[in-house]
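Undergrad: This is the structure I want to talk about, given as structure tokens.
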Amino acid sequence: MESNKILIIGPPECGKSTLIEKLIDYYTDRGISVEGFMTPEIREKKKRVGFYVELIPSKMRFKLARIGDYNQPHRIGKYSVFIDDFNRALKMLGNLNKKKANIVLIDEIGKMELFSIRFQEYVETLFQSERNVIATIGKNFNHPIKNYLLTLREVVLFELSHNTFHNISNKIILKVPNNNN
């Protein structure tokens, strides 16, 4: 199977996570194995108060960030970032996925996630591998790992916006192999 590395870049709330959810459904409906993680919002009374890390395909959840002071060494704005929990999720992801899936989906490679050295190493190793990878990446930040990924020749970059959502999802589906070989 040809290796594909796809990065989906865009501003917050442009549909990156929705696109990953659509791709998960598309591939799993066709019997194509996927693994990775998403970072769904934690909502209370219709307000976003944090983020989980949700493993694909197990749907196991770990805390990534929460509004408030939780005595964590890392913060992004009003969010405390729970790197130990995130690292446990990464370890669990490795344990659950001994049989390598056809496609690795990551939502997202962002500021919070990149506080984890383990995650930085995981991303670098993944993008150097022969695996098929589809990942979202935040647009409005700078980090050495992001800069590294954007320089890789094998990476295909899609810039997502509300206007380009359907066109890009179709292009990604065509780009990544649709078989279980």
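Undergrad: Conditions first: (1) modelled with pLDDT of 95 or more; (2) of a type outside the set (Gly, Ala, Ser); (3) farther than 30 Å from Thr151 by Cβ; (4) in a helix (DSSP H, G or I). Asn95 passes all but one, so which condition is the exception?
TA: (1)
Undergrad: State all residues of the stretch 144-175 that are within 16 Å of the chain's Cα centre (by Cα) and part of a loop (DSSP other than H, G, I, E, B); if no residue qualifies, say none.
TA: Our first condition is that a residue be within 16 Å of the chain's Cα centre (by Cα); within the stretch 144-175, this holds for 145-146, 149-150, 155-160, 169, 172.
Residue satisfying the conditions is Leu160 alone.
Undergrad: Sort out which residues of the stretch 3-47 are under 25 Å from Thr125 (Cβ atoms), of a type in the set (Gly, Ala, Ser) and more than 17 Å from the chain's Cα centre (by Cα), and write them in order of number.
TA: If the condition is that a residue be under 25 Å from Thr125 (Cβ atoms), of a type in the set (Gly, Ala, Ser) and more than 17 Å from the chain's Cα centre (by Cα), then Ser3 is the only one that fits.
Undergrad: Also, quick follow-up: Could you list, in sequence order, all residues of the stretch 60-78 that are surrounded by 16 or more Cβ atoms within 10 Å (Cβ to Cβ) and either more than 21 Å from Lys91 (Cβ to Cβ) or aromatic (Phe, Trp, Tyr) (or both)?
TA: Phe62
Undergrad: Which residues, counting only those in the stretch 11-47, are surrounded by 16 or more Cβ atoms within 10 Å (Cβ to Cβ) and on the phi > 0 side of the Ramachandran plot?
TA: Once the filter is applied, which keeps residues that are surrounded by 16 or more Cβ atoms within 10 Å (Cβ to Cβ) and on the phi > 0 side of the Ramachandran plot, the stretch 11-47 yields Gly15, Gly36.
Undergrad: Now, a different point. Which of the numbered conditions does Ile172 fail, given that it passes all the others? Conditions: (1) at pLDDT 95 or above; (2) buried (at least 17 other Cβ atoms within 10 Å of the Cβ).
TA: (1)
Undergrad: Here is a list of conditions, (1) out of contact with any His (no Cβ under 7 Å at 6 or more places or on another chain); (2) within 20 Å of Lys111 (Cα to Cα), and Asn4 meets all of them except one; can you say which number that is?
TA: Condition (2) is where Asn4 drops out.
Undergrad: Next question, about the same structure. Of everything in the stretch 115-138, what is within 15 Å of Ile76 (Cβ to Cβ) and in contact with a Pro (Cβ under 9 Å, 6 or more places away or on another chain)? Give them in sequence order. Can you show your working first?
TA: First, the residues of the stretch 115-138 that are within 15 Å of Ile76 (Cβ to Cβ): 115-116, 119, 138.
Selection gives Phe115, Gly138.
The values are calculated or read from the model by the stated rules, or taken from the named source; none is laboratory data. If you're wondering where the values come from, they're calculated on a predicted model, not measured in any experiment. Every residue, glycine among them, receives a Cβ derived from its backbone with ideal geometry; neighbour counts consider all protein chains shown.
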